[in-house]
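These notes are about the structure you will find just below.
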Amino acid sequence: MRLAIAADHGGFDLKEKIAAELRAQGHEVRDFGACGFSPEDDYPNFVVPMARAVARGEVDRGLAICASGVGASVAANKIPGVRAALITDIFSAHQGVEDDDMNVMCLGGVGGGL
């Protein structure tokens, strides 16, 4: 599967771990940044380009991470064709994809996530 991933400083560590695991499982992962930890960066700079790639069909699904996951979800949902949701449990992840055609999953990188 072709996946896109993006995170600011609030989700950088989690993004790095998830991207490595997805690659190890054989998925193609396109990383939209951040490319390093920088407390001054902000999620829209990374999430919006990632969401646009999902909307254009360049990737199959996206994963957006910020400190809470809420901001990443709001930013991604501003892009036409994107259906993003903050996911905190497996049931919601499954239902979001199967019933709601979610194409971007959002996670909180600080003190939460799956």
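Yes or no: residue 64 in a helix (DSSP H, G or I), within 12 Å of the chain's Cα centre (by Cα), under 20 Å from residue 19 (Cβ atoms) and of a type in the set (A, V, I, L, M)?
No.
Would you pick out the residues in region 63-103 that are touching a Leu at 6+ places or on another chain (Cβ under 7 Å) and buried (at least 20 other Cβ atoms within 10 Å of the Cβ)?
Matches in region 63-103: 63, 65, 69, 73, 87.
Please specify each residue of region 11-26 satisfying the condition of being in contact (Cβ under 8 Å) with a residue 24 or more places away in the chain and touching an Asp or Glu at 6+ places or on another chain (Cβ under 9 Å).
Across region 11-26, the qualifying residues are 12, 15.
Table: residues versus (1) of a type in the set (Val, Ile, Thr); (2) in a loop (DSSP other than H, G, I, E, B); (3) modelled with pLDDT under 95.
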| position | (1), (2), (3) |
| --- | --- |
| 29 | yes, no, no |
| 42 | no, yes, yes |
| 47 | yes, no, no |
| 50 | no, no, no |
| 53 | no, no, no |
| 58 | no, yes, no |
| 75 | no, no, no |
| 80 | no, yes, no |
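Report, by residue number, each residue of region 8-27 that is more than 15 Å from residue 64 (Cβ to Cβ) and outside any helix (DSSP H, G or I).
25, 26, 27
Between a first residue in region 28-55 that is at positive phi and a second residue that is part of a helix (DSSP H, G or I), which pairs have beta carbons less than 6 Å apart while being 6 or more apart in sequence or on different chains?
Filtered contacts from region 28-55: 33/46.
Rundown of residues vs (1) farther than 18 Å from residue 3 by Cα; (2) not charged (D, E, K, R), yes/no style:
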| site | (1), (2) |
| --- | --- |
| 47 | no, yes |
| 51 | no, yes |
| 60 | no, no |
| 67 | yes, yes |
| 77 | no, yes |
| 82 | no, yes |
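Identify all residues within region 82-114 that are part of a helix (DSSP H, G or I) and not charged (D, E, K, R); write none if there are none.
Scanning region 82-114 gives 90, 91, 92, 93, 94, 95, 96, 97.
The values are calculated or read from the model by the stated rules, or taken from the named source; none is laboratory data. Because the structure is predicted, anything quoted here is derived from the model rather than measured. Every residue, glycine as well, gets a Cβ built from its backbone with ideal geometry; the counts of neighbours run over all protein chains shown.
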